[in-house]
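The values are calculated or read from the model by the stated rules, or taken from the named source; none is laboratory data. Every value quoted in this text rests on a predicted model; they were computed, and no experiment measured them. Glycine gets a Cβ as well: all are built from the backbone with ideal geometry, and neighbour counts include every protein chain shown.
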Amino acid sequence: MTDATGPKLRPSMPRLGRRDMLALGGAALAAWGGAASSAARAQGAKPAKPAGQVVIGLSQEPTVFNPLMPSIEVDQGIALNVFNPLWLADPEANLMPQLAVEVPSVENGGISEGGLLWKVKLREGVVWHDGAPFTAEDVKFTLELINTSGFRARTRQGHSLVRDIQVLGPHEISWRMEKAFSPYLSLLAETFIVPKHILSKAEDPNTAPFNNAPVGTGPFRWGERRPGEHLTLVANERYFGEGPYLERAVFKYIPDLTALYTQLRTGQIDATVGVGILANFYEEARKNPTLHVVTVPSNSLEVIMPNLGMPALADKAVRQALYTSINKQAILDTIYYGLPKPTESITPQQYWAYNPDLPKQEYDLAKASKLLDDAGWRRAGRGVRQKDGVRLEFTVSTTSGNALREQVQQLMQQDWLQIGASMKINNMPAAVIWGDFYTRSKFETLLVGTNFVTGNDPDMSTRFNSGAIPVKGGAGGNYMQYQNAKVDELMLAAQTSFDRAERKRLYSEVQVILRDELPVLPIFQYAPVEGIKKGINGFRPNINYKSNTWNMHTWSWAA
């Protein structure tokens, strides 16, 4: 997909359904994570000054360098190194101070008055790449720019609630929230601060020269860009934090995925991030003694998304029957090489709010038929079922040309016909399907890869709240048109609480309801395959960011 607003869809998700983006098992990820972190700890001291370079292969070219504007995964990989947020999320979703001295909380007094008043103390001694000092004025300017009418902001979610921003001193800032909104902590972990002294002078921040030669506070400075070839970042030796230990990072664009893997295998590139190693090369790459091969976590899921505005699909029994008659194991084993594992929740399995106790889907055509019988959906012989004059028939759409998804559609079509549900395939080009057809709920059913959380927070209100249905006047991504007053109540309570244990309880209950009512039918959670050359220390996958260059300032070559 290409939706880069809201909580949102991973922009290039249609690629993830193809052979180059497989959902691999969590056990492999855990094994890699342990081995990688142990190896990183075991390898020697960091260099005293930046040394060497790393060449990173990308299948897409970064083109958006103002980190507040609509962008895709590879753009965030650059932003994470040129800029800093106030705090950053580590792989365990702990928030680590960056430009802030500490992460505000109820306990330390940074968040008070029931979540309405926020105060943030900022790090002193930080300078922009051009030498200008970083101050609270930059934070104020950034938050105000995001909410400025006419500015093409990547998202205003959470930011639109900010009121009365006050600079309390050169390194302290406060603001009030229109209402308590705990996911704003996570949203700020992917909100990069931009320089007031540069962008405030721009005639139009949407087209400012800054957007093609950014100046940040991050561990790497802008080097050079050769469109269609590569982009180079160089070490910021005045960086306030750890590192950087590399002198340069070169991002090389290789859209042909076979060529991308070949260059990794032959040593022309040192790492692949994002769209990485094709499945047909996985076994070969895994046995290559010069490479670490990693299945990285992703917060995106492959799901069937029904439009509940359709009378047949509005019936919970129909959705339950369709889900029961999906042969998940055949899909995963036959189509996805036996590597991915299924999921039952819309919450990623690595998140602190994930509920592991949801009922496991079982493929059972007889049970599915009984569900429909009991709900009054009748069939004559082996024909299509009907109820109250409504036929149990619908289309399933996805991106045309996606070979793996087309095979999934065919498998589901056969099984659903056996229980009396007639499914037709109606695939479209990405530019068509992910436009109004999707966002204005013109589809009947979709086979889609997306996420349902807010940044790195488990909040899913913009996807499941009754007030988030665009075709009913709402603002959000509830394109399924799902409505449940209890779910609304639980999500609101979780949004306004800053107690993680309480939020976990609330989100666990939401997951139970969603698993029962199935406003989406979850199939599996994505985990793309990436490769990195042995000898590079410090690489750590992080589900909370779209690029695993999130901590490149800690990377170094073994001595």
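Yes/no per residue for (1) in contact with a strand residue (DSSP E or B) (Cβ under 7 Å, 6 or more places away or on another chain); (2) closer than 15 Å to Gln511 by Cα; (3) of a type outside the set (Phe, Trp, Tyr):
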position: Ile433; (1), (2), (3): yes, no, yes
position: Val453; (1), (2), (3): no, yes, yes
position: Asp459; (1), (2), (3): no, yes, yes
position: Gly476; (1), (2), (3): no, no, yes
position: Asn484; (1), (2), (3): no, yes, yes
position: Asp488; (1), (2), (3): no, yes, yes
position: Ala494; (1), (2), (3): no, yes, yes
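Against the test of being under 26 Å from Glu509 (Cβ atoms) and part of a helix (DSSP H, G or I), the options Lys360, Lys367 yield a single qualifying residue, Lys367.
Among the residues of segment 498-507, none qualifies, meaning not one is touching a Gly at 6+ places or on another chain (Cβ under 8 Å), surrounded by fewer than 16 Cβ atoms within 10 Å (Cβ to Cβ), without any contact (Cβ under 8 Å) to a residue 60 or more places away in the chain and small (Gly, Ala, Ser). Of the helices (runs of 4 or more DSSP H) lying entirely inside segment 168-266, the ones with 1 or more residues being without any contact (Cβ under 8 Å) to a residue 60 or more places away in the chain and either small (Gly, Ala, Ser) or under 30 Å from Lys534 (Cα atoms) (or both) are found at 257-265.
Matching residues to (1) crowded, with 23+ Cβ neighbours inside 10 Å; (2) farther than 28 Å from Gln349 by Cβ; (3) within 23 Å of the chain's Cα centre (by Cα):
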position: Thr258; (1), (2), (3): no, yes, no
position: Thr262; (1), (2), (3): no, yes, no
position: Val293; (1), (2), (3): yes, no, yes
position: Asn307; (1), (2), (3): no, no, yes
position: Pro311; (1), (2), (3): no, yes, no
position: Asp315; (1), (2), (3): no, yes, no
position: Val318; (1), (2), (3): yes, no, no
position: Asn327; (1), (2), (3): no, no, no
position: Ile335; (1), (2), (3): no, no, no
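Note on segment 283-319: residues that are touching a residue at least 40 places away in the same chain (Cβ under 8 Å), under 27 Å from Tyr354 (Cα atoms) and among the hydrophobic types (A, V, I, L, M, F, W, C) amount to 11. Figure legend. Inter-residue proximity from segment 414-439: first residues at negative phi and of a type outside the set (A, V, I, L, M, F, W, C), second residues in a helix (DSSP H, G or I) and modelled with pLDDT of 95 or more, beta-carbon distance below 6 Å, spacing 6+ or different chains. Indicated pairs: Gln418/Leu365.
Residues that are within 30 Å of Val453 (Cβ to Cβ), in contact with a strand residue (DSSP E or B) (Cβ under 9 Å, 6 or more places away or on another chain), at pLDDT 95 or above and polar (S, T, N, Q) occur in segment 203-224; there is at least one.
Is it fair to say Ile111 is at pLDDT 95 or above and not assigned by TED's automatic domain parsing to the domain that holds Arg154?
Values: at pLDDT 95 or above: yes; not assigned by TED's automatic domain parsing to the domain that holds Arg154: no.
Taking the combined requirement at face value, the residue does not satisfy it.
Say we look at segment 226-251 and pick out the residues that are of a type outside the set (A, V, I, L, M) and touching a helix residue (DSSP H, G or I) at 6+ places or on another chain (Cβ under 8 Å); which of these is surrounded by the most Cβ atoms within 10 Å (Cβ to Cβ)?
We begin by selecting, within segment 226-251, every residue of a type outside the set (A, V, I, L, M); these are 226-230, 232, 236-245, 247-248, 251.
Keeping just the survivors that are touching a helix residue (DSSP H, G or I) at 6+ places or on another chain (Cβ under 8 Å) gives 239, 241-245, 251.
On the way: Tyr239: 20, Gly241: 19, Glu242: 12, Gly243: 20, Pro244: 28, Tyr245: 22, Phe251: 25.
So the residue we want is Pro244.
Restricting Ala51, Ala27 to residues that are at pLDDT below 50 and surrounded by fewer than 17 Cβ atoms within 10 Å (Cβ to Cβ) narrows the list to Ala27. Quick check, is Ala51 farther than 23 Å from Asp256 by Cα and assigned to a helix (DSSP H, G or I)? Taking the combined requirement at face value, the residue does not satisfy it. Go through segment 136-145 and give me each residue that's in contact (Cβ under 8 Å) with a residue 60 or more places away in the chain and either over 25 Å from the mean Cα position of the chain (by Cα) or under 18 Å from Trp87 (Cα atoms) (or both). Result: Thr142, single match. Looking across segment 409-423 at every residue that is aliphatic (A, V, I, L, M) and outside any loop (DSSP other than H, G, I, E, B), the one that is nearest to Asn307 (Cα to Cα) is identified as Met423.
Across segment 123-135, what is the number of residues that are more than 16 Å from Trp87 (Cβ to Cβ) and buried (at least 16 other Cβ atoms within 10 Å of the Cβ)? Count: 3.
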